[in-house]
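Report on the structure given below.
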Amino acid sequence: MTLSALDLFTVGIGPSSSHTVGPMRAAKTFACDLERRGLLSAVERVQVELYGSLGATGVGHGTDRGLLMGLEAATPETVDPEWMIARAEQVRREGTLRLAGQRDIRFNAVQDVVMRPHQVLPGHPNGMRFTAHDESTHVLMTKVLYSVGGGFVVDEADVNADRLNVSPPPPLHFDTGAAMLELCAREGVGVAELVARNEDAQRPRHETEVALLHIWSVMQECVRAGCSASGFLPGLLRVARRAPRLYQDLMEAHRSSPTGSDTLAAMDWLGLHAIAVNEENAAGGRVVTAPTNGAAGIIPAVLHHYWQYVPGANEAGIVRFLLAAAAVGIIIKEHASISGAEVGCQGEVGSACAMAAAGLCEVLGGSPEQVENAAEIGLEHNLGLTCDPVGGLVQIPCIERNAVGAVKAVTAARLAMRGDGTHRVSLDQCVDTLRTTGADMSAKYKETSTGGLAVNVTEC
């Protein structure tokens, strides 16, 4: 295992981890590099070129404002979403950017953020080139960075583009489902404990638990915000928020029949929680990248399902859920991708569904074999899923797709719990299929809005 659970679950902003969070982090990296090299005082102009998927759907995904705030040294973990939108508009209106949060330079958001949707840099479909000029238009520094999914950003010099190493190395390294099961058997532990022991090499156990419970608290707040907000989501689609009405309907149904006569109420709540999160994400609100923003609603929805419907649910279970989910996310990221621009939505919703299924199976008392089976079921039945956002917005089909993905995850966990862990198709085979299917998939179905629903649904 070369990633931490805390790498996969991070607090950020919507609407996209690859297109908003990643570019913000990349822009801050560039601005800080200018400062570190002593070049900040000489910079008169900064230009950013967005390639491939970033260039195709950048505006709809909030890439432009993410870049502006990153150049001003803001971070997705701490920036206020409402302030960010207002500040980005101010920069566009006044034509002035505070580079690295220290020095004002002229900035034309139309001329200095260049979209190149038909050009793809060699490292990844989500490529960015940053260039700083002095007053004589000489190039002071240029840097190519890639947003490789889930908010991860890598330099072009990084040969293993989306493989991030932790230090010190984990004592119980695994990067496949088979290796995970072998270690669980050898150590006599479950999947969550296996991951916890690797996290122990990076920080005290208590700190990991506190960090994961903070992630849970942000997820809960996101659901609450999504259930209380109203109106329309940003963009030409004029998509009305549904979560508040769904919440009121479900609460009224519960008050009318508190004994639980509706046997499918749990599924209704599951869908509500996923929709609430993804509507917040679409609005540019505070979300947890889990493992991406486009699929941010699935794990919170299934966690809420555990919290509401599983007897004895507690915070220790929340931690175990997230650790087991992280195990699956790590395997997928190591051997395939969680980037919609690279492999389609099977890498986003598919990954989140597999992770949520594994986490739920863990807290239901599943064996390592059953947890691996749950993840396999969750991923297998999302293989081939395209990423075709209508209008370049993370709204249609993304929001409902999370609700359906959450239902699939619960189903996968329950199917696995009814078995003994023996199954014909392994998680590793599904991950390999995810990778090869993504490679075979036409680029128009990978976050470019040039295929699928994106070209068959009228935007306005």
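The values are calculated or read from the model by the stated rules, or taken from the named source; none is laboratory data. Remember, it's a predicted structure, so these values are computed and weren't measured experimentally. Don't worry about glycine lacking a Cβ; one is built from the backbone with ideal geometry, like all the others, and counts go over all protein chains shown. SASA here: full protein model, heavy atoms, side chains in, ligands and nucleic acids out. Shrake-Rupley method; radii C 1.70, N 1.55, O 1.52, S 1.80 Å.
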- line: In whole percent, the fraction of accessible protein surface over region 300-383 that belongs to carbon or sulfur atoms, probe radius 1.4 Å, stands at 49
- prompt: What number, in nm² with one decimal, is the all-direction average of the projected area of the convex hull of the alpha-carbon atoms of region 81-148?
  reply: 6.1
query: If region 366-460 were replaced by its equivalent ellipsoid, with semi-axes equal to the square roots of 5 times the Cα gyration tensor eigenvalues, what would those be, largest first, whole Å?
result: 31, 16, 7
field: Computed P(r) (all Cα pairs; region 368-414; 10 Å bins; percent)
entry: 25, 43, 24, 7, 0
- request: May I ask you to give the percent of accessible area on region 1-89 that is carbon plus sulfur, with a probe radius of 1.4 Å?
  value: 50
query: Separation between the residue 114 and residue 137 pseudo-spin-labels, each 7 Å from Cα along Cα→Cβ, expressed in nm?
result: 1.2
- line: Computed over the chain, the relative contact order (Cα-Cα under 8 Å, seq sep at least six) in percent reads 19
field: Counting DSSP beta bridges with both ends in the chain, the antiparallel % (nearest 5)
entry: 85
task: Express in Å², to the nearest 10, the accessible area of residue 261 obtained by rolling a 1.4 Å probe over the protein heavy atoms while all chains stay in place.
output: 90
- prompt: Can you give the % of DSSP beta bridges in region 1-124 that are antiparallel, to the nearest 5?
  reply: 50
field: Tail fraction, Cα-Cα pairs, the chain, threshold 36 Å, whole percent
entry: 26
field: Part-to-part distance (alpha-carbon centres) for region 180-210 and region 69-146, which is given in Å
entry: 40
- prompt: Which value at 222 nm does the chain reach when only helices count, each DSSP H run of 4 or more adding -39,500 (n - 2.57), with the total divided by all residues and rounded to the nearest 500 deg cm²/dmol?
  reply: -15500 deg cm²/dmol
query: Rounded to the nearest 0.05, what FRET efficiency do residue 189 and residue 418 have when you use their Cβ-Cβ distance and R0 = 25 Å?
result: 0.60
message: Percent of Cα-Cα pairs more than 18 Å apart in region 267-392, please.
response: 51
message: I want to check the label-to-label distance for residue 158 and residue 255. Put each point 7 Å from Cα in the C-beta direction and report it in nm to one decimal.
response: 5.1
task: For region 423-431, take each phi angle, set θ = phi - 60°, evaluate the Karplus expression 6.51 cos²θ - 1.76 cosθ + 1.60, and give the result in whole Hz per residue in order, putting x for glycine and proline.
output: 7, 7, 9, 8, 4, 4, 5, 5, 5
field: Distance (nanometres) between label positions extended 7 Å along Cα→Cβ at residue 37 and residue 453
entry: 4.3
field: Angle between the chain longest axis and helix 315-335 axis [Cα atoms, degrees, rounded to 10]
entry: 60
- line: With every protein chain kept in place and a 1.4 Å probe, region 108-253 has an accessible area per residue in Å² of 51
- prompt: Accessible area per residue, 1.4 Å probe, Å², for region 302-460: what's the number?
  reply: 35
- prompt: Just how large is the dipole of region 314-460 about the Cα centre, in debye to the nearest 20, putting +1 at every Lys and Arg Cβ and -1 at every Asp and Glu Cβ?
  reply: 200
query: Extension gain residue 436-residue 245, at 0.36 nm per residue separation less the Cα-Cα distance, in nm?
result: 64.7 nm
- request: Go ahead and run the numbers for FRET between residue 82 and residue 266, Cβ-Cβ distance against an R0 of 41 Å, rounding to 0.05.
  value: 0.75
- line: FRET efficiency (residue 96, residue 179; Cβ distance; R0 51 Å; to 0.05) is 0.45
field: Accessible solvent surface per residue of region 1-89, calculated while the other protein chains remain in place, 1.4 angstrom probe, Å²
entry: 28
query: Can you flag which of 333/444; 28/446; 143/444 are past 24 Å Cα-Cα?
result: 28/446; 143/444
- line: For residue 239, other-chain or 5+-apart residues with amide H closer than 5 Å (H placed, Pro excluded) are 233
- request: Could you state the angle between the C-alpha long axis of helix 398-418 and the longest principal axis of the C-alpha atoms of the chain, as a value from 0 to 90 degrees rounded to the nearest 10?
  value: 30
